[in-house]
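The values are calculated or read from the model by the stated rules, or taken from the named source; none is laboratory data. Computed from a predicted model, the values in this text were never measured in an experiment. Positions of Cβ are backbone-derived with ideal geometry, glycine not excepted, and every protein chain shown enters the neighbour counts. For accessibility, only protein heavy atoms count, side chains too; no ligands or nucleic acids. Shrake-Rupley method; radii C 1.70, N 1.55, O 1.52, S 1.80 Å.
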Amino acid sequence: MFIAIDKIEQSAHHTDKLQNPKALGNAMVLSIYRNKIRTALYIVNTKKTYGEYWDKVENKKIPKRLWTPEMKALYKEKALEAPMPPYIFKITIIGWIFVLLMTGVFGMIVYNELKSPLPKSEEYLAMEKAPVEGDIYFGRYEIYKEKGNPLGMEGRFGWFKVLQVEGDIYHIAKSTEMNKGHKPKEQLNSTNFETESMPPVKLTEQTGYNIRFLSDDGLTEIYITDKK
């Protein structure tokens, strides 16, 4: 973030009665300052002041370590008389835009957290139910000759039927009509299935949108997207 610090003079005072600790006889001037810090989002005027003694002849600042007790006392006196800044903290136009944007973002977050969740569709709820014997699903199967090697892989789209469930083992038969390319499920046979199941598979993933089955050897995968 862009930050600029400006040194703002608040007041200046002649110090004819004080002795210059660095160059005897040279007149000094005491200047009282505040810092103004500017960013794209806000502006700050520091409440605390600081003082500098300058040699008017040599036009050089006198180091603070050389200040005499009288110089320190005069600074404390004049610092109390320094005018207060017009404001301590001020948000810029860009800052107000940022505040409004953040307020909107947090408002949306709170709203989304508090609002009631949308009701799940019947299709979503059906897909969330654990598959049982007789369930019919639409999706795709892939049978690999070698695990992880797509070369020679057999893949088809169509309908599937759960023939038997034994614990976590599913015996699933595919439709007698399976298609190489994707077609609308309504155009494919969802009533006639092969009598023998595909290789036994286990349920590895289930959401309201998809179900995934995988054989123990990793060669047979069934991806389900719809339930009849």
Original post:
Put +1 on the Cβ of every Lys and Arg and -1 on every Asp and Glu Cβ in the range 152-213; which of G152, T204, Q187 then has its Cα farthest towards the positive end of the dipole?
Top reply: Q187
Subject >> Dipole axis of the chain (+1 Lys, Arg; -1 Asp, Glu on Cβ), positive-most option in L66, T46, V132 >> reply: L66
Original post:
With every protein chain present, what is the per residue accessible area of the range 127-227 (1.4 Å probe, Å²)?
Top reply: 55
Original post:
Between rounded, prolate and oblate, where does the range 41-81 land on the alpha carbon gyration tensor, with a ≥ b ≥ c its root eigenvalues, rounded for a/c under 1.5, else prolate if a/b exceeds b/c?
Top reply: oblate
Original post:
How big is the gap, in Å, between the Cα center of the range 24-42 and the Cα center of the range 59-79?
Top reply: 13
Subject >> Ranked order, V201, V105, V165 - accessible area, probe 1.4 Å, largest first >> reply: V105, V165, V201
Original post:
Does the range 127-227 classify as rounded, prolate or oblate by the C-alpha gyration tensor (a ≥ b ≥ c root eigenvalues; a/c under 1.5 gives rounded; else a/b over b/c gives prolate, otherwise oblate)?
Top reply: rounded
Original post:
If you compute P(r) over Cα pairs in 5 Å bins from 0, in percent for the structure shown, which of (1) 1, 6, 12, 15, 15, 15, 12, 9, 7, 5, 3, 1, 0, 0; (2) 1, 6, 11, 13, 13, 12, 9, 7, 6, 6, 6, 5, 3, 1, 0, 0; (3) 1, 6, 9, 10, 8, 6, 4, 3, 3, 4, 3, 4, 4, 4, 4, 4, 5, 6, 6, 4, 2, 1, 0, 0 do you land on?
Top reply: (3)
**OP:** Among V132, V162, V57, determine the one that fluctuates most according to a GNM of the chain built with springs between C-alpha atoms less than 10 Å apart.
**Re:** V57
Original post:
Which of the peptides 33-39, 192-198 is most tightly packed, and how do the rest follow, judged by the mean count of other Cβ atoms within 10 Å per residue?
Top reply: 33-39, 192-198
Original post:
Accessible area per residue of the range 1-96 at 1.4 Å probe, in Å²?
Top reply: 67
